[in-house]
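S.K.: Input: one structure, supplied below.
The values are calculated or read from the model by the stated rules, or taken from the named source; none is laboratory data. Keep in mind that this is a model prediction, so the values were computed, not measured. Ideal geometry is used to build each Cβ from the backbone, glycine not excepted, and the neighbour counts take in all protein chains shown. Note: areas computed on protein heavy atoms with side chains; ligands, DNA, RNA excluded. Shrake-Rupley method; radii C 1.70, N 1.55, O 1.52, S 1.80 Å.
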Amino acid sequence: MFLLILLNTVTLAVQHYEQSKKFSHIMDILNMVFTGLFTAEMLLKLLALRLRHYFVDAWNSFDALIVVGSVVDIVVTEFSSGEDSSRVSITFFRLFRVMRLVKLLSKGEGIRTLLWTFIKSLQTFGKVAMQDLTQINRNNNFQTFPQAVLLLFRCATGEAWQEIMLASLPGKRCDPESDYGPGEEFSCGSNFAIVYFISFFMLCAFLIINLFVAVIMDNFDYLTRDWSILGPHHLDEFKRIWSEYDPEAKGRIKHLDVVALLRRIQPPLGFGKLCPHRVACKRLVAMNMPLNADGMVTFNATLFALVRTALKIKTEGNPDQENEELRGIIKKIWKRMKPKLLDEVIPPHEGTNATDTTKIHIHTHT
C-alpha cells in the first residue's frame, strides 16, 4: 500500500497544463486502477475487522472517506455534462485524489514528523520585502521554502529570533513582486508573528530539552533494567518469534516446533540457546502444556504456560490440584473471562473436561 500511494502521487505529479487527450485518458485509467486497489484494501479491512472495529480507528475512517470520494469523483467525471458540473468535479471531488497522499501519514511516525515540520515551515510572512539593513534580508526571509527552513532553524537555536519577529509585524514594506494593491506597499506583515514566533521558539526549546532528557533516561533505563523481570518487551519478543512459526496467524503451531521456538527466546520467558537439554526438558514438563488432538499448541496456552513457569505460579504441588486452584483464582479475579479461553490455557481435570483439548506433557527425545 505504501508503494501504491507513492505511485499514485507520481501519476498526479506528471499531469500538466495542455496535456494531450491520450495522456489524459491514460491518467483517467490509472486513477480508476488506483481507486479500485484502494477500494479493495478497504473491503479487505472491513472483512477482517468487521464494521464496528473498522471505524474505531480514525485512519480507517479517513481511508473510507477517500475511497468514497474517489468513487464519486469517477462517477461525476464520467457522467458530467456542461461546464458547471465539470468545474465542480475538478475543484471538489478530485481533491480526494490528492488526499491519498495523506494516507502516507498512517504508515510511519517519521512521515508524520516530517509533515509536521513542513507545516511549521509555511511561508506565512513571504510578502515582506527583503532589505539589507533589516532582519528580513536576502539571507533571512520567508519567500522560498529553503530560506524559510533556514530561518526557522536559526530561530530554533535562539539567535535573535525576537528581532525577526519584530521585523514581521504589520507596517513593513511589501516585496515589489507580491500582489499588494495600490497604496498598500507598507501593509505587509502580520500580528500573528507574535504568536507564531513565541510559540515556535518555546516549542522547539522544550522539544530539544525533552528530547535530550528522554535520550539520557532511555539509555539509563536500558543499562539499569533488570531483564529477569517479565515485561512488555518479553511479550513483543514472543509475538515476533511466534509469527515466524505461524505466518498465517492461525494462533497455533505444531508441538514439535515449541522446543525450537523456546530456544530462540531469551530467559526468563524462554530457554535461550545455551540452555542445557536436561533443564529444557524439566521446564517443558513443568509447563504441563495443553496439546490439541491434532498435535497443535495454541498461542494463548503456550504464553500462559511460559509466564506461569517463569513466575512459578502454582507449579510446585500436584498438577491437577494446582490447576484447579489456579482456575478458581482466575475466575475470582476475572469474572467475565470466557470458559472456553480458561479451558484453553488451563484444561480442567480429565473427569470434568468438556472440550476436545487434552492435557498432555510435551516430551523431548534425548
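S.K.: At what distance in nm do the modelled label points of MET27 and ASP57 sit from each other, each positioned 7 Å from its Cα along Cα→Cβ?
M.R.: The answer from the label model is 3.2 nm.
S.K.: Ignoring ligands, DNA and RNA, please state the percent of accessible area on segment 4-52 from carbon and sulfur, probe 1.4 Å.
M.R.: 72
S.K.: Still on this model: With a ≥ b ≥ c taken as the square roots of the eigenvalues of the C-alpha gyration tensor of segment 126-198, please select rounded if a/c is under 1.5 and otherwise prolate if a/b is larger than b/c or oblate if it is not?
M.R.: In terms of gyration-tensor shape, prolate.
S.K.: Sorting GLU18, GLU185 by accessible area (1.4 Å probe), largest first, what list results?
M.R.: From most accessible down to least: GLU18, GLU185.
S.K.: Excluding ligands and nucleic acids, what accessible area in Å² is computed for LYS22 using a 1.4 Å probe, to the nearest 10?
M.R.: 150
S.K.: Stokes-Einstein at 37 °C, 0.692 mPa s, Kirkwood radius from Cα pairs: D for segment 1-74 in µm² s⁻¹?
M.R.: On the way: Rh = 13.6 Å.
Calculated translational D: 242 µm²/s.
S.K.: Would you check the accessible area of SER190, probe 1.4 Å, heavy atoms only, in square angstrom rounded to 10?
M.R.: Counting only protein heavy atoms, the figure is 40 Å².
S.K.: Pull up the cross-link candidates among the lysines for LYS331, meaning alpha carbon to alpha carbon under 16 Å and not fewer than 8 places away within one chain.
M.R.: Here the lysines satisfying the reach criterion relative to LYS331 are LYS314, LYS340.
S.K.: Separate question: At a probe size of 1.4 Å, how large is the accessible area of LYS254, to the nearest 10 Å²?
M.R.: The accessible area comes out at roughly 120 Å².
S.K.: What length, rounded to one decimal in nm, is gained on full extension from GLU184 through to ALA286, with 0.36 nm per residue of separation minus their alpha-carbon distance? List each step's numbers first, then the result.
M.R.: Values: separation 102, 0.36 × 102 = 36.72 nm, distance 8.49 nm.
Gain on stretching GLU184 to ALA286: 28.2 nm.
S.K.: With Rg and the Kirkwood Rh both taken from Cα atoms, where does Rg over Rh land for segment 231-349?
M.R.: Answer for segment 231-349: 0.95.
S.K.: Find the accessible area per residue for segment 280-351; the probe is 1.4 Å, ligands and nucleic acids are left out, and the unit is Å².
M.R.: On a per-residue basis, 58 Å².
S.K.: Distance check, please: which entries in LYS45/LYS239; LYS103/LYS127; LYS103/LYS338 exceed 26 angstrom between their Cα atoms? Don't jump to the answer; show the numbers that get you there.
M.R.: Values: LYS45/LYS239 22 Å; LYS103/LYS127 32 Å; LYS103/LYS338 38 Å.
Long pairs (Cα-Cα over 26 Å): LYS103/LYS127; LYS103/LYS338.
S.K.: Using a ≥ b ≥ c from the Cα gyration tensor of segment 258-320 (square roots of the eigenvalues), is it rounded, prolate or oblate, where a/c under 1.5 gives rounded and otherwise the larger of a/b and b/c decides, a/b for prolate?
M.R.: Because a/c hits 1.5 or more and a/b fails to exceed b/c, segment 258-320 counts as oblate.
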